[in-house]
Amino acid sequence: MEYMTESVDRSPGHILCCECGVPISPNPANICVACLRSKVDISQGVPKQVSISFCKQCQRYFQPPASWVQCALESRELLALCLKKIKAPLSKVRLVDAGFVWTEPHSKRLKVKLTIQKEVMNGAILQQVFVVDYVVQSQMCGDCHRVEAKDFWKAVIQVRQKTLHKKTFYYLEQLILKYGMHQNTLRIKEIHVVFLCSPDCPGTHSGDQAGLELRNPPSSASQVLGLKACATTAWNGLDFYYSSKQHAQKMVEFLQGTVPCRYKASQRLISQDIHSNTYNYKSTFSVEIVPICKDNVVCLSPKLAQSLGNMSQICICIRVTSAIHLIDPNTLQVADIDGNTFWSHPFNSLCHPKQLEEFIVIECSVVRDLKRSAGAGVISKKHTLGEVWIQKTSEMNTDKQYFCRTHLGHLLNPGDLVLGFDLANCNLNDEHVNKMNSDRVPDVVLIKKSYDRTKRQRRRNWKLKELARDREGMDTDDERQYQDFLEDLEEDEAIRKNVNIYRDATIPVESDTDDEGAPRISLAEMLEDLQISQDATGEEGASMMS
């Protein structure tokens with residue numbers, strides 16, 4: 001006979017809570033969870049409301065002891081910053097989980113939900129969930145405080161160009177805006193330097209031979225001093241102020257890659273601490289852009305002209321980008337001169353923009369077969385060589401006419417107006433021109449076709465953005481130069497590729513059927529001028545609003 005043994009199911013028994021008498025599973029404290037929480041608060045010592053500093057100018061949070069960090073709302077970086085504010089109390093408990101509780105972006109409140117554990121009576125582990133409220137307080141950081149003072153800077157870049165026209169600066173301004181190189185600047189100041197000479201100054205000397213130099217002079221300076229502003233010597237420039245030398249060096253590298261220039265660096269000792277071996281310097285970078293602008297007529301040295309493919313010494317600057325782009329109006333030969341080549345073989349502009357004269361085309365013929373000399377360089381495919389007979393509009397009552405070759409053969413027709421320089425009746429003060437044979441110097445050099453400026457301004461349905469900078473004001477001459485730059489954008493597609501052009505919604509779009517042949521910018525090349533506002537939905541990346 002066999003005995004059957006029944007399996008015994010041993011389940012843990014229940015005990016009564018020593019406080020409230022509720023049946024519970026045995027635990028080291030012999031107390032239910034409700035009674036244990038009523039007797040022990042493991043979150044005691046952890047602050048439920050903490051303040052955190054936020055700079056509204058730079059959108060950064062203060063991280064003790066002395067740093068400011070950029071954090072987006074509900075990001076990991078901001079959560080880590082919030083937990084560091086209560087790091088000491090949290091060291092006594094075990095942090096299990098942490099996360100943000102959604103709040104309005106404008107409420108200046110951040111709520112963090114924490115889950116913590118701690119060993120309590122007789123080895124029992126208690127877990128608790130609670131919310132810590134962070135109050136965002138506005139406080140200006142040290143960097144923004146110095147920026148608002150407008151007198152603090154560690155590095156300055158002085159960009160100068162010894163020309164009368166600002167075309168290169170207008171182009172450089174658009175490049176800076178497109179690539180956001182102005183974001184780290186503390187201040188941008190516009191500089192205009194003129195030279196006051198004697199009233200009988202012929203206006204044919206160079207800038208080094210000029211008289212009294214004045215930076216941003218008032219209009220009455222010449223009357224008080226009894227001098228006159230020289231017509232041929234003036235400098236234009238911009239000063240960029242930075243809070244660190246590294247930002248200034250980055251800007252200098254950008255300038256070297258966009259315009260032909262050279263620079264010199266210097267620094268001045270402000271203070272020093274001999275105990276900690278620390279020094280405080282102010283750095284200055286002097287950047288000089290080549291003194292050549294678009295539509296300038298230049299005379300190359302014989303050695304440089306020969307190295308460029310035996311091109312003529314008298315050339316026209318058709319564009320200034322990272323190099324100087326020249327074209328020979330007699331042969332359509334083009335050449336590019338970088339900054340190093342220019343400073344090795346410098347040359348100056350023969351005429352300034354105010355000497356442009358208006359001519360009317362009497363006769364124009366296209367040159368089909370042109371004999372090229374040995375070793376000739378690249379020929380422009382965008383231009384057509386033409387031979388024209390022209391006459392000054394101011395000399396219509398005379399029979400004096402001029403004959404010249406031009407690179408505008410594809411644009412000119414009899415009766416058109418064209419702008420050019422009259423070299424035959426101009427006093428040229430250039431060492432290379434003085435050594436040339438007079439037969440090789442053209443009487444007239446045509447620059448560009450003339451259109452009705454009033455109609456072009458009225459039909460212009462686009463606009464450009466400008467840098468926020470300190471300047472005295474925009475006089476009539478500056479407005480004329482700016483309009484010249486806008487016309488250059490319409491005429492040259494190569495320059496437009498590097499410029500952000502925005503649609504002007506205030507001007508209606510007109511059809512091209514009533515156009516008189518003036519170049520215009522198509523709608524496909526324009527951008528919409530978007531105004532990005534604050535994110536009101538509270539998504540990640542929304543900034544804290546006041």
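The values are calculated or read from the model by the stated rules, or taken from the named source; none is laboratory data. The structure displayed is predicted, hence computed values, not measured ones. Glycine also receives a Cβ, built like all others from the backbone with ideal geometry; neighbour counts cover every protein chain displayed. For the accessible areas, the whole protein counts, side chains as well, though only heavy atoms, and no ligand, DNA or RNA atoms are used. Shrake-Rupley method; radii C 1.70, N 1.55, O 1.52, S 1.80 Å.
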Based on alpha-carbon positions alone, could you give the equivalent ellipsoid semi-axes of the stretch 238-332 from the gyration tensor, as √(5λ), descending, whole Å?
42, 13, 10
Taking amide H positions as placed in the peptide plane 1.01 Å from N, state which residues far from I292 in sequence (5 or more) or on other chains have amide H under 5 Å from it.
none
The ³J(HN,Hα) series, computed from each phi in the stretch 77-94 with the Karplus coefficients 6.51, -1.76 and 1.60 at θ = phi - 60°, rounded to the nearest Hz and given as x for glycine or proline, is 5, 5, 5, 5, 5, 5, 5, 5, 5, 10, 5, 5, x, 6, 5, 8, 10, 9
Scalar couplings 3J(HN,Hα) for the stretch 275-281 by Karplus 6.51 cos²θ - 1.76 cosθ + 1.60 (θ = phi - 60°), nearest whole Hz, x for Gly and Pro, are 7, 9, 6, 10, 10, 10, 10
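If you count only protein heavy atoms with a 1.4 Å probe, what accessible area per residue comes out for the stretch 76-148, rounded to a whole Å²?
Computed with neighbouring chains in place, this is 59 Å² per residue.
Any idea of the accessible area per residue across the stretch 233-351, 1.4 Å probe, to the nearest Å²?
In whole numbers, the stretch 233-351 has 43 Å² accessible per residue.
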Leaving out ligands and nucleic acids, note down the accessible area per residue over the stretch 419-486 with a 1.4 angstrom probe, in whole Å².
55
At a 1.4 Å probe, what is the % contribution of carbon and sulfur to the accessible area of the stretch 232-329?
46
How long is the gain from N413 to R469 if the chain were fully straight, where each residue apart is worth 0.36 nm and the alpha carbon distance is subtracted?
15.8 nm
If you take the beta carbon distance between K382 and L79 as r and set R0 to 60 Å, what does 1/(1 + (r/R0)^6) give as a FRET efficiency, to the nearest 0.05?
0.55
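Given a 1.4 angstrom probe, I'd like the percentage of the accessible area of the stretch 46-144 that is carbon and sulfur, rounded to a whole number. It would help to have the intermediate numbers written out before the result.
Working: 2700 of 5420 Å².
Carbon with sulfur: 50 percent of the solvent-accessible area.
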Taking a crude spin-label model, label points 7 Å out from Cα along the C-beta direction, the S438 to Q70 distance in nm is 6.5
Quick check: convex hull of the Cα atoms in the stretch 281-407, volume per residue, rounded to a whole Å³?
132
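Order T331, T476, most accessible first, counting only protein heavy atoms with a 1.4 angstrom probe.
Working: T331 45, T476 125 Å².
The residues order as T476, T331, largest area first.
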Could I have the simple spin-label model distance between S43 and R496, label points 7 Å from Cα toward Cβ, reported in nm to one decimal?
6.4
Want the number for N397 to K189: 0.36 nm per residue separation, take away the alpha-carbon distance, what's left?
70.0 nm
Over 30 Å between alpha carbons, listed pairs K154/K178; K189/K381; K87/K282; K108/K250:
K189/K381; K87/K282; K108/K250
